[in-house]
1. Check 98, 92 and return the single one that is hydroxyl-bearing (Ser, Thr, Tyr), surrounded by fewer than 14 Cβ atoms within 10 Å (Cβ to Cβ) and either within 12 Å of the ligand (Cβ to nearest atom) or at pLDDT 95 or above (or both).
2. If we scan region 53-63, do we find a residue that is within 12 Å of the ligand (Cβ to nearest atom), at pLDDT 90 or above, assigned to a loop (DSSP other than H, G, I, E, B) and not basic (Lys, Arg)?
3. List the helices (runs of 4 or more DSSP H) that sit entirely inside region 143-247 and contain at least 3 residues that are more than 30 Å from residue 31 (Cβ to Cβ) and more than 16 Å from the chain's Cα centre (by Cα).
4. So for region 71-80 (the condition being assigned to a strand (DSSP E or B) and within 14 Å of the ligand (Cβ to nearest atom)), does at least one residue qualify?
5. Go through region 101-113 and give me each residue that's buried (at least 21 other Cβ atoms within 10 Å of the Cβ) and within 15 Å of the ligand (Cβ to nearest atom).
6. Taking residue 68 and the conditions (1) in a helix (DSSP H, G or I); (2) within 21 Å of residue 132 (Cβ to Cβ), which numbered condition does it fall short on, given that it satisfies the others?
7. Search region 27-38 for residues being surrounded by fewer than 19 Cβ atoms within 10 Å (Cβ to Cβ) and touching a residue at least 40 places away in the same chain (Cβ under 8 Å), and hand back the single one that is nearest to the ligand (Cβ to nearest atom).
Amino acid sequence: MTLDLLNDTKQELERLQAQANTMKSLEVKLLKQAGLKPNHSVLEFGCGPGFVTPTLCELANQGKVISIDNDEKLLRICAEKIKNPPALGFLTLNNSNTSYLESLDSTIDFSYLRFVLQHIENKQEALKQVHQCLKKNGIVCVVDSDDGLVLQFPQDEFINSLLLEAQDLQKKRGGDRLVGRKIPSLLADLGFSKIKSQVIMFTSDDIPFESLAKLLFGFKADLVGKTGELNEWINKKVIHTSSRKYFLSGGIVLVTAEK
Ligand SMILES: C[S@@+](CC[C@H](N)C(=O)[O-])C[C@H]1O[C@@H](n2cnc3c(N)ncnc32)[C@H](O)[C@@H]1O
């Protein structure tokens with residue numbers, strides 16, 4: 001019994017690791033396609049606890065990475081993850097320290113904003129800070145979600161009301177769950193050029209259903225206090241998905257542009 005449990009846990013960890021590796025290799029491919037080079041100075045805006053920061057440090061290993069956020073606690077967690085800083089250094093920065101941010105004026109080759117714009121009320125101000133830090137022809141790459149990309153068949157009542165509740169609450173807090181589609185026009189307003197957008201969709205054939213559901217709805221359930229209900233829903237629905245009686249997909253919008 002214990003052995004079964006250990007084997008199950010091991011298999012589960014291997015599955016999660018394999019999935020993390022798949023997502024990482026997709027993100028690496030997309031970042032390279034977006035123009036990130038080994039000698040680049042990179043500005044990661046809204047780094048959080050550093051899920052992607054070690055990857056940015058690997059990809060810009062001959063340059064430098066500056067990861068900024070407005071949450072000191074997350075900045076500390078992010079910094080602890082960096083065991084191999086790029087040749088020219090790694091640093092974290094609270095972007096309320098505007099004087100340091102101003103000193104980055106026109107020094108950055110590549111800036112990455114990943115799932116952060118949806119949380120920011122004054123999006124133009126944040127993107128303006130990024131614009132000022134970029135060199136001429138420097139690249140910005142923005143990745144964000146858009147609830148309009150969630151497709152289901154048949155429609156599920158629990159999920160539909162969760163989406164609406166989370167949209168409402170995030171809006172009240174200054175956020176926007178439909179930000180993906182707005183990124184190109186936000187960048188155009190600031191004078192960015194060569195704006196290119198793509199939508200990348202995932203189904204439960206690309207990512208296991210449980211992980212896809214957590215990716216799409218986990219944050220929203222946390223936000224409205226329904227994490228337990230979401231877990232129950234996932235456990236019930238997984239069988240319908242494997243028998244093809246429930247379809248779920250979701251996606252991200254990725255936009256690149258040049259200063
Ligand atoms: C959902 S997390 C994304 C973290 C990371 N980019 C990732 O993809 O894992 C959003 C992050 O944006 C940060 N954030 C929100 N508003 C911000 C602002 N005005 N300036 C800097 N960071 C901000 C939050 O503190 C949080 O760490």
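1. Values: 92 fails: surrounded by fewer than 14 Cβ atoms within 10 Å (Cβ to Cβ).
Answer to the selection: 98.
2. no
3. Working: elements: 157-172, 183-189, 209-223, 227-242.
The qualifying helices (runs of 4 or more DSSP H) are 157-172, 227-242.
4. Residues of region 71-80 that are assigned to a strand (DSSP E or B), as a first pass: none.
The answer is no, given that none of the residues of region 71-80 is assigned to a strand (DSSP E or B) and within 14 Å of the ligand (Cβ to nearest atom).
5. 110, 111, 112, 113
6. With respect to (1) in a helix (DSSP H, G or I); (2) within 21 Å of residue 132 (Cβ to Cβ), residue 68 is out only on (1).
7. Selected residue: 30.
Matching residues to (1) out of contact with any Asp or Glu (no Cβ under 9 Å at 6 or more places or on another chain); (2) touching a residue at least 60 places away in the same chain (Cβ under 8 Å):
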site: 199; (1), (2): no, no
site: 206; (1), (2): yes, no
site: 212; (1), (2): no, no
site: 218; (1), (2): yes, no
site: 222; (1), (2): yes, no
site: 226; (1), (2): no, yes
site: 232; (1), (2): yes, no
site: 243; (1), (2): yes, no
site: 253; (1), (2): no, yes
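The values are calculated or read from the model by the stated rules, or taken from the named source; none is laboratory data. Computed from a predicted model, the values in this text were never measured in an experiment. Here Cβ is always computed from backbone atoms with ideal geometry, including for glycine, and neighbour counts include all displayed protein chains.
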